[in-house]
Each structure stands twice: as C-alpha cells, then as structure tokens.
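Taking it in order: structure first as structure tokens, then the write-up.
Since every read-out is calculated from the coordinates, none of them should be taken as a lab result. Bear in mind that the values here come from a model prediction, so they are computed numbers and not experimental data. Ideal geometry is used to build each Cβ from the backbone, glycine not excepted, and the neighbour counts take in all protein chains shown.
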Amino acid sequence: MPVTSVSKPSIKPDTPVTYVKGVGPKRAEALAEIGIRTFTDLIYYFPRRYLDRSTITKISRLKVGEQATIVGEVTTQRLVRTARRSFYEIFIKDDSGLMSCIWFNGVKYIQNVFKAGDLVAMHSRVEFFNGPRFVHPDYDRLETAEWDSTLHTARIIPLYPTTAELKKVALDSRGFRRLLRPIVDKFEWAFDEILPFQTISRLKLLSINEGFRQIHFPETLEILEKSQVRFKFEELFYLELMLGVKKAGIKASRKTFQYPNAGSLIKQVYEKIPFALTIAQKRVVHEIWDDMKSSEVMNRLLQGDVGSGKTIVALLCASIAIGNGFQVAFMAPTEILAEQHYRNLKVFADLVGIEISVLIGGQKKTERDEILQSIQSGKAQLVVGTHALIQEGVEFKNLSLVIIDEQHRFGVLQRGTLIGKGLNPDVLVMTATPIPRTLSMTLYGDMDVSILDEMPSQKGKIVTKLVNEDRIAEAYNLIREQVKKRFQAYIVYPLIEESEKIDLKAATQGFEYLQRSVFSEFKLALLHGGMSPAEKDDIMRQFIAGTVNILVSTTVIEVGMDNPKATVMLIENAERFGLTQIHQLRGRIGRGKTDGICILVERKRTEISQRRLQTILSTTDGFEISEEDLKLRGPGEFYGARQHGFLKMKIADLITDKELLKVARSEAFDLLKSDPHLRKQENIRVRNHLLTNYSEYMDFVNIL
Ligand code: ADP
Ligand code: MG
C-alpha cells in the first residue's frame, strides 16, 4: 500500500511489526501466525467487539438463558472437586452482586490467569447450575484506567480477537490495546487515502486515518459505526473494482474468430432431440448465441438446478461452433462425469456426424496419442475431459468454445493458461448450485449470468421425508421395497473436511452393519473419497450396471452421478449437511421417469437444524433453499474453492452488508466507466492499491 508519512516518517505501512514499540521477536512470531507482519496488518486488525456501559449487565439483573456481559473484580477463585467432575471457579463482584464463573476444561491454564482484584469483563450465556453461572465465558482483562465505574461516561473499550498462542505472549485483548493505543494516540503515522475523494465526500465516509482512530478507540457509538462502515465499504469497493477490471479485461480482449451465422449443424442436432425444449432452455441458447456472435469474448455463467437440462443447451451451443469449423472443449469436474457426458453426447454426435472424443486417465498410450493427434489436427470436433484438457500439453487446432460443467464446485478457470497458448475462446461455465443473487454478483461478478429457471416437466417427482432414530426401521423397509422392485438405493453419510477420518469410519461402520444386519439379502458397496479413481470408477460402474443394489457412500456422489434406476436415497445425520448439499444429493434420484423418495435421518435435533430441514421438506426450489442456507449458515458454503482468497473479508459481511455491497459495486463500476484504466491523476492511489493487493486474483488481466 502506498503511503507517505506526514510529519515524522517513523512508521511506514510496510514497516515490520517488530518496529512497533512493545513487539519483540516472540510477539512478532505469534503475530505472524495470524498473518500480522507489517504495520498495516496490525492497524487493520480490528476489534471483534466493544464494551461500553450500554452493553453491560449488572450481576443482579442477569437472566438465565440470556447472553450477557458483566464487568467486575475478581474476588476469590478455587478448584472444586466433586465425585463426578472437578472444575475451576472464579467469583466476580460488581456493585450489585457476586457471579460464579466456572471452567471444566483448561483448568491448568485458567488457574494462572487472574488474581484477586483484577478488573475483568466476562461474556457468556447465563446457565443454571446450582444457581446462575457462566460456564467457560469469554473473558477480557481491563485496566481501571480504561474502566472507571465512577465516571459517568466510561470509554468504549475495544475487544480484540486473540488465540491461545497470542495469550502466551500476553497478547490478549488488553495486550492489543496496549500495543495500539500509543500508535493511535500519538499519530506518528498517516496513510494516504485509498478511496476516491469523490466517493468519500459523496457517501460522507470517514477518512482512512480518522477511520483507524475511531475503529480502535471510538469516542462514541455513532462514530464507531461510521468507522466500521468506512472499512466495510473499502473492502467491498476493492472487491467490486477488481471484478469490474477483470470483466472489462475479458471483454476488451477481442475474439480472434468470428461466426458468420449459426450454421446448419445446430438445426440438425435440434431435430434429433427427443423432447421439446423448455422455454427457459430456448431463451438461454439465444443468450449464449448473442454472446458467441459478438466480437467480445464470452464469459458466461449458466445456472440451472440439477435436472434443468443444461447439457442439451451446451450441446446446441457447441454445435454452432462446430458447424462453423471450430473445436469445442467440454470439461467436467471428475473423470466419471466426463465419461458420462461423453456417453450421453455421443448419442447425438453419432446421429449428426460430429467427431467426438474423450480424454481421460487410464487410456492406453497409443489410444491417448491418437486422440491428442486428432485434437491437434482439428479432426476431433468435440473433446470431453476434465480440467486437464486445458492444463496439460493438449494442443487444439482451433478451439473457440470452452464449456465447463462445474456442478456445485466453483473451480477457477485459468484463462491465463489458454491465453498463453494463444487461445482466447468463449467460455461457458455451468453450475447446478442456485446461487442467491447477492452472492452471485460477487462470486461471479466478472461473468454474465443466464438462468435456467424451469424444469422439464416429464421428470419423476421426489418425495422427501424426515425421520428420527425411532423410525429408522421403517426407513429401511422403504428401501427394501424399492430394491425388491429392482430399483436401487443410495445411503449417504456426511463428510466434513476437518474430521474426514471420523466420518469415514461412520460410513465404513455403517456399511458393514447394514450389509450384515439389515440388508444381508442384497449386495451393498461402499464408496468414499479416500479410494483411488479406479476403485471409485469400478464401484460406480457396478452400481450403474445394477450388480450393486445399494450404494453406501460419503458425499462423493454429490457431484453428478446419473443412475435412472436409483429411486431412493437415505441421508444419515441429515442435520449435518448444508441444505444446498441435500438438495443436490436428492437430485440424484428420480432421474428416470419414476418418482423418487429421499429419507432424511435426523440424529440430533436442534432448533436451527429443524428449521433448516423444514425448508428442505417444504420446497424443491433450489433458489429458495440456497437463500435459506445463506441465512442460516453463511456464505462459506457457496464459496467452496472459487477464488475464496478474495472473499476473505476482514470486516464486511456479504450477507448483512448487502446494501453496502450494492453501493460499493455501483461506485466501483462507475469509476471504471469514467476511467477504465485508472490512469487519471486522482485515481493513481486507487490503481496502486488495487495492483498491490488484488492482482493475483485478476489472473491474466493486464489492462491496467
Ligand atoms: P443438468 O442440468 O442437471 O445437467 P441434464 O442436462 O443432465 O440436467 O438433464 C437431465 C435430464 O433431463 C436428461 O436426461 C435430459 O435428457 C433431460 N431433459 C433435458 N431437457 C429436457 C426437456 N426440455 N424435456 C424433457 N427432458 C429433458
Ligand atoms: Mg449436468
């Protein structure tokens, strides 16, 4: 970040934290652990909460079940041993009463944290346990100078996030205040404003330096809020500016090819389709064709629920490119899906004489060489594969369209890789995740969006049922009935990254138990992410061929397995899944014309899980479900792998700050309209800040 010091050039933004008074090598190391290396990192380390008189509850007024913060003095503390469980107890006193705070865990540590007379703030839910108590409260040590209860207007005290490691070097919340207070008070530093002055005055935002002062040590609650708005806006503004630059950059890179007309091949393909396209499908094909015939490069996202018929849309568009003598790459997230796409597309390709090939691992070298050769010569017109298609040494003769079937995973297309090969094709990304609009504006802010919001009518319906453990036998019977009728079933166990091993164990044990004790008359198979692609492939094939009746798996099947004979799915520990995930999972059944049954087994009921699962029962509208997911679980769910780096917000929240996001977007896009390359004198700082902090996310774009 560019900065010039105003008066005393003692601290610059990129000065290492070790130059900050009070930071030695040990602290520097602990700070580096949480990403604080420079002065800038430190000053952008914002408080997580604030303490002020209005947020404090008198001990005598505490109500069981409510979240509350108390401030008082430590009186006594003791280790309590009971027959069942020992715990550590600390008593806090304010002018209204005495409160007990207890710790069952980490006793060794907590024993040494407080001494009698310490002024502390404790924050937790009031529990009832032989009287009202705080159990494992969040605590902060205060200084009497900071919190003088006799003063009418006590200060607002910032509380900083901290970790066990930081606490070891006395960087608890109080430690951070001690570090930052002199910096903010003495003002031996000054940042250059990084927002456009016009924007600041139009939106009446605090300046950057005033913002830093107030966000760390606010004078009033009103100005605190203004400082938070300032930094939220700053974050969102640069996010949108980066997306705007990226979008403009893609558009500005002109196509090296042109389609004179749609050609006759699309008509031939169209005539072979055994069903009538939905209105949405027709609309979307037109939207894409408009992009294809434009001289600007296409970067379009096609959103459509599972089963909305994206593949046929992709095929129609591909046949325009092929009909004009170009090649098309069709990429799937996994090899199994690539093969499946290949099989489905080949039916049409053969009917109209399109040369189609598939490139996946496990092909014999001679076969592979032959395919590579045909891609290079241009003989292969439609090439299906995984992302490896554009990454490895695959040479295309004249690639004009890349179609990426992401399902629910947000991969990043490295356009740079293509450009490096002298290619700048149109790109169509397809996703089955219905992304709420606010989020798609950010996640895919650099793309144009088409939506397939209509389902083909002749598909089977899916009935979803919720059962608890007591009714599990009933659920198993439902499966048994279906399998006896020669249909097939999925049984899915949750898989959460952090505890992959535990979950795998759940699936493995579940599989063994089910095979032995519940469905011994059927053939079950287990599928999980730890298997090699070949093993997975093998099991999937057996399942599709019908030799396996029931497939027990972790969520690996989510990514689009198509078996029309599978009519029933049981999801274990449904409360642990994201709603969108369940929605996608159940899209795997009822793929044929027969109705499907999805059974959700709820093992642990909470208020939230109940509300969430209720949503799944009451609607099959993917957008509605994803909105609910977003409200209840936050956006992490949707970010997945897609460029999550730039979505790591320090202070802004893409959901609760939705309105601010809109303002930031229009400010950023307006700025780019008036100065596309940010070359005007007054925008130099903005440009520099963008380049220094965001260029890694802009991929190949170098219009600046
Ligand atoms: P997804 O959007 O999940 O990729 P697919 O493209 O795989 O969906 O389509 C799901 C199924 O619906 C396929 O069997 C496909 O042939 C069929 N399908 C697609 N469009 C229509 C339509 N307009 N009418 C009837 N069936 C359709
Ligand atoms: Mg699909």
To the nearest 10 degrees, the tilt of helix 310-323 (Cα long axis) against the first principal axis of the alpha carbons of the chain is 60
By how many degrees, 0 to 90 and rounded to 10, does the Cα axis of helix 684-694 deviate from the longest principal axis of the chain? 70
What's the FRET efficiency of Asn693 with Glu271 using the Cβ-Cβ distance as r and R₀ = 45 Å, to the nearest 0.05? 0.30
Neighbourhood charge, 12 Å Cβ-Cβ cut-off, centred on Ser618 and excluding it, Lys, Arg +1 and Asp, Glu -1: -1
Using Cβ contacts closer than 10 Å as the measure, can you line up Thr431, Thr278, Thr76 from fewest to most? Thr76, Thr278, Thr431
Estimated inter-spin distance, Ser100 and His677, nm [label 7 Å along Cα→Cβ]: 7.3
For the chain, find the longest principal axis of its Cα atoms and tell me its angle to the long axis of helix 365-377, 0 to 90°, nearest 10. 90
Which value, to two decimals, describes the C-alpha radius of gyration of the chain once divided by 2.2 N^0.38 Å? 1.12
Within segment 504-544, which GluC sites (Glu not before Pro) sit in a loop by DSSP and count at most 10 neighbouring Cβ atoms inside 10 Å? Glu521
Rank by packing, highest mean first: peptides 38-46, 571-579, with packing defined as the count of other Cβ atoms within 10 Å averaged across residues. 571-579, 38-46
Considering only the other residues whose Cβ falls under 13 Å of the Cβ of Phe104, what net charge follows from Lys and Arg at +1 and Asp and Glu at -1? +3
List the lysines whose Cα sits under 29 Å from the Cα of Lys255, skipping any in the same chain fewer than 8 residues away. Lys246, Lys247, Lys267, Lys282, Lys293, Lys310, Lys346, Lys379, Lys397, Lys421, Lys673, Lys680
So if I place +1 on the C-beta of Lys and Arg and -1 on the C-beta of Asp and Glu, and nothing else carries charge, what would the dipole magnitude of the chain be about its Cα centre? I want it in debye, nearest 20. 660
Pairs of Cα atoms under 8 Å, at least six residues apart: use those to get the relative contact order of segment 98-230, whole percent. 17
If I model a spin label as a point 7 Å beyond the Cα along the Cα-Cβ vector, how far apart are those points for Gln610 and Glu29 in nm? 5.0
Quote to one decimal, in nm, the extra length available between Lys365 and Thr76 on full extension: 0.36 nm per residue of separation minus the C-alpha distance between them. 96.4 nm
Count charges around Asn563 for me, please; just the other residues with Cβ under 10 Å from its Cβ, Lys/Arg as +1, Asp/Glu as -1. +2
When Trp103, Trp289 are ordered from fewest to most other Cβ atoms inside 10 Å of their Cβ, what list results? Trp289, Trp103
